[in-house]
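Beneath this line is the structure, given in structure tokens, with notes to follow.
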Amino acid sequence: MPGVYIKTYGCQMNERDSEQVSKMLSERGYAMVHDETEADVILLNTCSVRDMAEQKAIGKMGMLRKLRQQRPHLVFGYLGCMAQARGESLLKTSPHVDLVVGTQKFHRVADYVDELLHTRMHALIDDERRPIVDTDEEPGSQSTIRDQDLVPRQVTAFVSIMQGCNMHCAFCIVPQTRGAERGRPINDIVAEVRSLAERGIKEVTLLGQIVNLYGRHEFPKVDGKSPFVQLLEAVCAVDGIERVRFTSPHPIGYRDDLIEAFTRLPKLVEHIHLPLQSGSDRILKIMRRGYTAEKFLSLATRIRDARPGMAITTDIIVGFPGETDADYEMTRALCEAASFDNAFVFRYSPRQNTPAATMEQQVPEEVKEARNQDLLNVVNRHCAEKLQSLVGSTVEVLCEGPSRHNPDRLTGRTRTNKIVIFEGAPRHVGAVFPVHITRASGFTLYGDPVLHID
Ligand code: SF4
């Protein structure tokens, strides 16, 4: 049975795509292996959002090349966003690579791997080996990420509901790597969620690049409700599913019907991601984000009013081209005002073929770094205060399994997506129960289960 090793870079969408590729390869008789030295096929599922992610994957592929000395038949492949963005040029960067498959062709990976492995095993000279590059568009590809194998006792799962984005933010390469917005039909998604629930899944996270604008071009509104709210209602109605999350949304997708949904769908958790990117209206406009700082803050307030205890996390870019000290101070002030539960702060990194990459007034690296450090201090302070405020309280936790750092303890998440570590027994995995929080450290809460679970 040939072994396949897949390494995944980047976001949850990529994790979900890799799961799907693993499932398809397993069904063909391949064995998924955790050690690259035991593999006959090595696939890197890549990310293009930042230059560093691309360089990591290219560096890793370069280091893997030596494995072919012991295993001459070894097949190397790039999948995903960087494969889509760079295509055939990756064969020059990594000449030993056999396969480059873009984001709309994951369902073809098993066929290509079969073909390449067969050729590698039987070709006598290297010239007979022809790399395969497939980065074409494929109608309906949004519906090919839909089946998943679950590990024993898995209780949470990602569900891909759409692909692509039509927003064209000036810094973002996603519209090029993932294409235009395409949503899966609601019935297909609900069928997948129902099957997950039947296999023990308690929490689903709906995934899309611009998830809260799901289906806006394909499916009609019903009773004034957007396709995304219709989908949320249908997913929340699935028996056995106790929590519903979604990521990654856009602020302009939080329309009245979605905010109202938080007042009446209890399975929707008290956590949203609300990517800010900048607190300066001038920079937001150049970024083409479609909202102002004031609108963003008022949206955060409306969402918190709709659901008490709502946690809000965000993404922020510092050092976008033309960002002055005054622009940065506005971002900093907005972070203080919004008091996010957590924030991912990124130094702007130019992405090839995006409008921002060629803008004048690129910000020097040392300025980006200083703003990055300063903003991290602000957001980490707010994060620590939020966690500290929970010490002494009791929170609802979904137990996910043994803690990664200490397998003698269990880990779970609150509805607000905070990690909690506690003592328990294996039978607690998959249960939802109250935990009394005794301390907070770093980004983690520690506590004791309040009820004894039988
Ligand atoms: S909405 Fe998100 S995925 Fe779409 S272009 Fe903007 S940043 Fe990229």
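The values are calculated or read from the model by the stated rules, or taken from the named source; none is laboratory data. What you see is a predicted model, and the numbers here were worked out from it, not measured in a lab. Glycine gets a Cβ as well: all are built from the backbone with ideal geometry, and neighbour counts include every protein chain shown.
Scan the stretch 398-405 and tell me whether some residue there is at positive phi and not in a loop (DSSP other than H, G, I, E, B).
yes
Matching residues to (1) exposed (fewer than 14 other Cβ atoms within 10 Å of the Cβ); (2) basic (Lys, Arg); (3) farther than 30 Å from VAL363 by Cα; (4) within 16 Å of the ligand (Cβ to nearest atom):
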residue	(1), (2), (3), (4)
GLN84	no, no, no, yes
LEU91	no, no, yes, no
PHE106	no, no, yes, no
THR119	no, no, yes, no
ASP134	no, no, yes, no
ALA157	no, no, yes, no
MET162	no, no, yes, yes
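Check whether at least one residue in the stretch 183-200 is touching a residue at least 40 places away in the same chain (Cβ under 8 Å), of a type in the set (D, E, K, R) and within 11 Å of the ligand (Cβ to nearest atom), and report yes or no.
Within the stretch 183-200, not a single residue is touching a residue at least 40 places away in the same chain (Cβ under 8 Å), of a type in the set (D, E, K, R) and within 11 Å of the ligand (Cβ to nearest atom).
Kindly list, by first and then second residue, each pair from a residue in the stretch 52-69 that is under 18 Å from GLY10 (Cβ atoms) to a residue that is among the β-branched types (Val, Ile, Thr) and outside any helix (DSSP H, G or I), limited to pairs with Cβ atoms under 8 Å and residues at least 6 apart or on different chains.
Close Cβ pairs satisfying both conditions: ALA53/THR46; GLU54/THR46; ALA57/THR46; MET61/VAL97.
This table checks each residue for (1) modelled with pLDDT under 95; (2) surrounded by 13 or more Cβ atoms within 10 Å (Cβ to Cβ); (3) assigned by TED's automatic domain parsing to the domain that holds TYR348.
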position: ALA370; (1), (2), (3): no, yes, yes
position: GLN373; (1), (2), (3): no, no, yes
position: CYS399; (1), (2), (3): no, yes, no
position: ARG404; (1), (2), (3): yes, no, no
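What are the residues in the stretch 210-225 that are out of contact with any Phe, Trp or Tyr (no Cβ under 8 Å at 6 or more places or on another chain) and crowded, with 20+ Cβ neighbours inside 10 Å, if any?
Within the stretch 210-225, just ILE210 meets the criteria.
What tally of residues in the stretch 275-294 results from selecting those that are within 16 Å of the ligand (Cβ to nearest atom), free of Cβ contacts under 8 Å to residues at least 60 places away in the same chain and not β-branched (Val, Ile, Thr)?
Adding up the residues that qualify gives 5.
Inside the stretch 235-257, can you point out the residues that are more than 16 Å from the ligand (Cβ to nearest atom) and either on the phi > 0 side of the Ramachandran plot or aliphatic (A, V, I, L, M) (or both)?
Across the stretch 235-257, the qualifying residues are VAL235, ALA237, VAL238, GLY240, ILE241, VAL244.
Quick check, is THR414 polar (S, T, N, Q) and within 23 Å of GLY200 (Cβ to Cβ)?
Yes, satisfied.
Please go through the stretch 309-349 and give me each residue that is in a helix (DSSP H, G or I) and aliphatic (A, V, I, L, M), ordered by number.
Selection gives ALA326, MET330, ALA333, LEU334, ALA337, ALA338.
Please determine, by comparing only the residues of the stretch 278-296 that are in contact with a Leu (Cβ under 8 Å, 6 or more places away or on another chain) and outside any loop (DSSP other than H, G, I, E, B), which one is surrounded by the fewest Cβ atoms within 10 Å (Cβ to Cβ).
For the stretch 278-296, the residue satisfying everything is ALA293.
Pick from GLU336, GLU270, GLU260, GLU323: which is touching a residue at least 40 places away in the same chain (Cβ under 8 Å) and under 23 Å from the mean Cα position of the chain (by Cα)?
Among GLU336, GLU270, GLU260, GLU323, only GLU270 is touching a residue at least 40 places away in the same chain (Cβ under 8 Å) and under 23 Å from the mean Cα position of the chain (by Cα).
All but one of (1) among the β-branched types (Val, Ile, Thr); (2) farther than 27 Å from MET52 by Cα; (3) surrounded by fewer than 16 Cβ atoms within 10 Å (Cβ to Cβ) hold for THR358, so report the exception by its number.
Answer for THR358: the failing condition is (2).
Scan the stretch 154-181 and report the pairs whose first residue is without any contact (Cβ under 8 Å) to a residue 12 or more places away in the chain and whose second residue is assigned to a loop (DSSP other than H, G, I, E, B) and of a type outside the set (A, V, I, L, M, F, W, C), with Cβ atoms within less than 8 Å and a gap of 6+ or a chain change.
PRO175/GLY164; PRO175/ASN166; PRO175/HIS168
Against the conditions (1) free of Cβ contacts under 8 Å to residues at least 60 places away in the same chain; (2) in contact with a Phe, Trp or Tyr (Cβ under 8 Å, 6 or more places away or on another chain); (3) in a helix (DSSP H, G or I), where does ARG16 fall short? Just the number, please.
Among (1) free of Cβ contacts under 8 Å to residues at least 60 places away in the same chain; (2) in contact with a Phe, Trp or Tyr (Cβ under 8 Å, 6 or more places away or on another chain); (3) in a helix (DSSP H, G or I), the lone unmet condition for ARG16 is (1).
Does the stretch 79-101 contain any residue that is outside the structural domain of ARG50 (by TED's automatic domain parsing), closer than 26 Å to PRO350 by Cβ and assigned to a helix (DSSP H, G or I)?
Scanning the stretch 79-101, I find no residue that is outside the structural domain of ARG50 (by TED's automatic domain parsing), closer than 26 Å to PRO350 by Cβ and assigned to a helix (DSSP H, G or I), so the answer is no.
If you scan the stretch 261-300, which residues turn out to be of a type in the set (Ser, Thr, Tyr) and either touching an Asp or Glu at 6+ places or on another chain (Cβ under 8 Å) or closer than 28 Å to TYR348 by Cβ (or both)?
SER278, SER280, TYR291, THR292, SER298
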